[in-house]
1. For the charge dipole of the chain, defined by +1 on Lys and Arg C-beta atoms and -1 on Asp and Glu C-beta atoms about the Cα centroid, which residue among Val175, Asn21, Asn154 has the Cα displaced farthest towards the positive pole?
2. For the range 96-219, taking Cα atoms only, what is the radius of gyration to one decimal and the Dmax to the nearest whole Å?
3. Test of understanding: ordering Asp178, Asp20 by Cβ neighbours within 10 Å, fewest first, what list do you get?
4. Hey, which of these cross-link pairs are over 18 Å Cα-Cα: Lys40/Lys160; Lys59/Lys198; Lys10/Lys211; Lys10/Lys74; Lys65/Lys147?
5. Angle between the Cα long axis of helix 192-208 and the longest principal axis of the chain, 0 to 90 degrees, nearest 10?
6. Rounded, prolate or oblate: which one fits the chain, using the alpha carbon gyration tensor with axes a ≥ b ≥ c (rounded when a/c is under 1.5, else prolate when a/b beats b/c, else oblate)?
7. So how strong a dipole does the range 88-132 carry about its Cα centre when Lys and Arg Cβ are +1 and Asp and Glu Cβ are -1, to the nearest 20 debye?
8. At most 11 other Cβ atoms within 10 Å and a DSSP loop assignment: could you name the trypsin sites (Lys or Arg not before Pro) in the range 90-169 that fit?
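Each reported figure results from applying straightforward, stated rules to the coordinates on display, with no laboratory input. Note that the coordinates shown come from a computational prediction; the quantities given were computed from them, not determined experimentally. Counting neighbours? That spans all protein chains shown, and the Cβs are built from the backbone with ideal geometry, glycine included.
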Amino acid sequence: MTFADGDFVKIEYSMWRVSDNSLMATTDRKIAEEKGIYNKEVRYGPMLVVIGKGSVFKKLENAIKEMDVGSNKKVELSPEEAYGERNKDLVRVMPISEFRKKNIDPMPGMQIEIDDAVATIMSVNSGRVMVDANHVLAGEKLLYEVKVVSNINNESERVKAVAESRNLEPEKVEVKEDMAKVSFGTKTNKDAQYFINKSSLVYSILDYLPKIKKVYIEEEYTKEENKQ
């Protein structure tokens, strides 16, 4: 079996930095815990890849396209095929006063946002702070160990998979002709992040599923009773 553009494929993977053979990311919670990189904010489990939509690096996507469900493959990426080479122009020194104005106490390893980009604080010395806006894996060779878990063909299951990839768990999904209806009940925590994810979900459904022309989001809210 080979996959084509538009196919919905779920994969499991672990990504290693070749230079020191350290695990940088994984979909397997157990492996993350064993290697000391577990993050409670990360959603572990198979990852959705929509072929042709830039879900993963191009070389990795091309490898996945030639795989079968249940098969495994190792794929090594050069820096150019991954996060690019390091750019020295993205490393700069800033006065510590710039951070203090924002009530930030800069510490090495801290990640901050500067000029709409995420930068890492490299060092703090004599009132000067060195920051690096390169991706932490820029200049690194990466090794992916990938397994194809499933190929999703059902339209409703595809919509559900897109929702899950946006950290949303709909209580019900219906697809009829060119319309998709996604329902979120009272069990869904409708905080600020929910509304951001919901907007991304609607855009992605219309982008990834050409047969769907309309998306309806059904939401349920209940008023909390005052407790005496």
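1. It is Asn21, whose Cα lies furthest towards the positive end.
2. Values for the range 96-219 (Cα only, Rg and Dmax): 21.2, 65 Å.
3. Result, fewest neighbours first: Asp20, Asp178.
4. Beyond 18 Å between Cα atoms: Lys40/Lys160; Lys59/Lys198; Lys10/Lys211.
5. 60
6. oblate
7. With Lys and Arg at +1 and Asp and Glu at -1, about 220 debye.
8. Those that pass, being in a loop and sparsely packed, are Lys101, Lys102.
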